[in-house]
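Visitor: I'd like to ask some things about the structure below.
The values are calculated or read from the model by the stated rules, or taken from the named source; none is laboratory data. Because the structure is predicted, anything quoted here is derived from the model rather than measured. For neighbour counting, all protein chains shown are included, and Cβ atoms are generated from backbone atoms with ideal geometry for every residue, glycine included. We work out accessible area using only protein heavy atoms, side chains counted, and drop any ligands, DNA or RNA first. Shrake-Rupley method; radii C 1.70, N 1.55, O 1.52, S 1.80 Å.
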Amino acid sequence: MMKKNLLLALFSGILLWLGWPPTSYITFLLFVGLVPMLLALENIIQSPVKRKGYHIFLTAFAGFFIWNTLSIYWVYNSLKTIGAIIAIPLSLIPYSLGPLLMALACWLYYRLRLATNRSTGLFGLVCFWMAYEYVHQTWPLAFPWMTLGNGFAVSHQWVQWYEYTGVYGGTVWIWLINILIFLYYQSLKEAQTKAYRVKVVTAFTIALVVPLAFSLIRYYSFREQQDPSDVVVAQPNIDPYEKEGSIPVQQQIAILTHLSDSVAQKNTEFFIWPETAIAEQFDENKTQSTAYYRQVRDFLGKYSNGNVITGAETYQVYNRPATESARAIPGTNQYWDAFNAALLIENSDRVQFYHKSKLVPGAEMIPFSSLSFLKPAFEHLGGATGSYGSQPEPSVFYTQSGIGSDPVICYESIWGEYVGKAVLKGAQFIAIITNDGWWENTSGKDQHLDYAKLRAIETRRWVCRSANTGISAFINERGDIVKHTDWWVRTAIKQDINLNSDLTFYTRYGDYIPKTASFLSVLGILFIGVKWRKAKEQAA
């Protein structure tokens, strides 16, 4: 029996992987992918086996580990440069961490089932799952790549209602359909009444058809407000391992200006260059005196309305430890912070900065480094890893003409609420600057592009995406990729986008669904604890 349950869990993981982006045409598998897992958990609950919670946790972990590993296998590519062998155990961290939290949600479902009934338990399962997803986007080890609602990134026509719910609405939808199919199967197995089965079929039909119909009607009837702005996106296609040292920074900027000139018009308002396009650190307080700044300003001289949004590596110097990430400068009484930054450079002496906030755990920040007892250990790392400073809130770049843009750096583009906060502050379009070349020619770069479509729907903003060695693209307010580059090609593309100042429901209220689910999960955990304690007292 346990072997059968394990096979069901593994089958569930494979179905979810097959339906996951960037796979086209079989997104519908997400609606059945969790059914084998639910059957496996039900078999364990109904079996006479001892230590049921233990078996449920391991079974769930195995299935979700398969799904996660097959979907984000490309993580290994970004780590193998430190050594092909040592990269394997390091890769197991992102492969395993999400499944561990998913398995915990399933274990809590089992404990709630013991204290209540199946219907309450299944409702709790959805809440526990969303609580895991919310935790996994907010804690220091955040990696919300596998949030269930992201699964519709390829079939974005189905989820135009993300402008009301964000991706967590998709999580609820997937779980609801899977649970109803599971309940129908169980009704046949348990010889439930015909009236009960009719209720389940009716609920299934409504749950599937209504959101889908609403979305398709919204998609085909949607019209953008006309407020055009001419934007150029450059893809320099510089090997990420050659950006620092092998190719002089001024040469890299020359490549970008040449590409931009090749498609620009005199009225072009924005030139968007990728993450760390200016690949040599410079002091933000001395920006105007750098050769790189003057090179960009000389380029902009031909475009009176032109603005450059570019990635850069910058730093700031302090006379005191002004931030948690500030490090002492040896032999001085000063401190400094390094930043993965975005800049807006215009035809004036004003330069605007944004410091990447959602830092990659391990690569750009050391998780839990604020804990004082861990600091001595991290000091032995020499500050080479996890050294970036950040800012707590998103910024909006405003041009002299008043156009607001949201600079989003790489990994940040998978946080719907965070992107929405910049839109709430006045951003009229989203500029994603990234460097996906670390993952090589894998599905990682395609998933990253597809997820950007969801940000366009949630906020009803155009997305202009500049990738150094990934796929650059323009995405309209419906989530359609209007224009894109190929992988590993040096080029630039131009598009007239529409600026938008209207706010969606999701932009206004953010992740209200997972926050509510997290609150209910806390109540559920307390309820489980009280029931467990009472049962223990009665047994004594």
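Visitor: Within the stretch 459-469, can one find any residue that is at pLDDT 95 or above, surrounded by fewer than 23 Cβ atoms within 10 Å (Cβ to Cβ) and hydroxyl-bearing (Ser, Thr, Tyr)?
Guide: No, the stretch 459-469 contains no residue that is at pLDDT 95 or above, surrounded by fewer than 23 Cβ atoms within 10 Å (Cβ to Cβ) and hydroxyl-bearing (Ser, Thr, Tyr).
Visitor: Among the residues of the stretch 1-25, how many are loosely packed, with under 14 Cβ neighbours inside 10 Å and of a type in the set (Ser, Thr, Tyr)?
Guide: Restricting attention to the stretch 1-25, the residues satisfying the condition of being loosely packed, with under 14 Cβ neighbours inside 10 Å are 1, 3-4, 24-25.
Next cut, of a type in the set (Ser, Thr, Tyr) only: 24-25.
So the count comes out to 2.
Visitor: On to the next question. Kindly provide the set of residues from the stretch 486-534 that are open to solvent by 60 Å² or more (accessible area, probe 1.4 Å) and acidic (Asp, Glu), ordered by number. Steps first, please.
Guide: Quick first cut of the stretch 486-534, residues open to solvent by 60 Å² or more (accessible area, probe 1.4 Å) only: 486, 488, 490, 496, 501-502, 505, 508-509, 512, 515-516, 519-520, 522-523, 525-527, 530-534.
486, 496, 502, listed by residue number.
Visitor: For the stretch 34-47, does any single residue satisfy the condition of being open to solvent by less than 50 Å² (accessible area, probe 1.4 Å), polar (S, T, N, Q) and either under 22 Å from residue 172 (Cβ atoms) or at pLDDT below 95 (or both)?
Guide: Start the filter on the stretch 34-47 by keeping residues that are open to solvent by less than 50 Å² (accessible area, probe 1.4 Å), which leaves 34-45, 47.
If we keep only those that are polar (S, T, N, Q) as well, we get 43, 47.
Checking which are either under 22 Å from residue 172 (Cβ atoms) or at pLDDT below 95 (or both) leaves us with 47.
Within the stretch 34-47 (the criterion being open to solvent by less than 50 Å² (accessible area, probe 1.4 Å), polar (S, T, N, Q) and either under 22 Å from residue 172 (Cβ atoms) or at pLDDT below 95 (or both)), the answer is yes, since at least one residue qualifies.
Visitor: To continue, here is another question. Are any residues in the stretch 122-169 open to solvent by 20 Å² or more (accessible area, probe 1.4 Å) and farther than 29 Å from residue 366 by Cα, and if so, which ones?
Guide: Selection gives 123, 126, 154, 157, 158, 161, 164, 165.
Visitor: Please state which one of 96, 119, 71 is among the small types (Gly, Ala, Ser) and surrounded by 18 or more Cβ atoms within 10 Å (Cβ to Cβ). Before you say what the answer is, go through the steps one by one.
Guide: Working: 96 fails: surrounded by 18 or more Cβ atoms within 10 Å (Cβ to Cβ); 119 fails: surrounded by 18 or more Cβ atoms within 10 Å (Cβ to Cβ).
Just a single option satisfies the conditions, and that option is 71.
Visitor: Name the single residue that is nearest to the chain's Cα centre (by Cα) among those in the stretch 303-335 being under 24 Å from residue 404 (Cβ atoms) and open to solvent by 50 Å² or more (accessible area, probe 1.4 Å). Break it down into steps so the answer makes sense when it comes.
Guide: Applying the first criterion (under 24 Å from residue 404 (Cβ atoms)) to the stretch 303-335 yields 303-312, 314.
Now restrict to residues that are open to solvent by 50 Å² or more (accessible area, probe 1.4 Å): 304-305.
Numbers: 304: 36, 305: 33 Å.
Within the stretch 303-335, the match that is nearest to the chain's Cα centre (by Cα) is 305.
Visitor: Give 191, 213, 203, 195 a once-over and let me know the one that is at positive phi, without any contact (Cβ under 8 Å) to a residue 40 or more places away in the chain, surrounded by fewer than 17 Cβ atoms within 10 Å (Cβ to Cβ) and not β-branched (Val, Ile, Thr).
Guide: Details: 213 fails: at positive phi; 203 fails: at positive phi; 195 fails: at positive phi.
It is 191.
Visitor: Evaluate the stretch 47-61: report whether one residue or more is among the hydroxyl-bearing types (Ser, Thr, Tyr) and either outside any helix (DSSP H, G or I) or touching a residue at least 40 places away in the same chain (Cβ under 8 Å) (or both). Even if it seems obvious, please write down each step before you answer.
Guide: Here is the first cut: in the stretch 47-61, the residues among the hydroxyl-bearing types (Ser, Thr, Tyr) are 47, 54, 59.
Checking which are either outside any helix (DSSP H, G or I) or touching a residue at least 40 places away in the same chain (Cβ under 8 Å) (or both) leaves us with 47, 59.
Checked the stretch 47-61: at least one residue is among the hydroxyl-bearing types (Ser, Thr, Tyr) and either outside any helix (DSSP H, G or I) or touching a residue at least 40 places away in the same chain (Cβ under 8 Å) (or both).
Visitor: With the stretch 327-415 as the region, which strands (runs of 3 or more DSSP E) entirely inside it contain at least 1 residues that are at pLDDT below 95?
Guide: Working: elements: 335-346, 351-355, 404-409.
Qualifying strands (runs of 3 or more DSSP E): 335-346.
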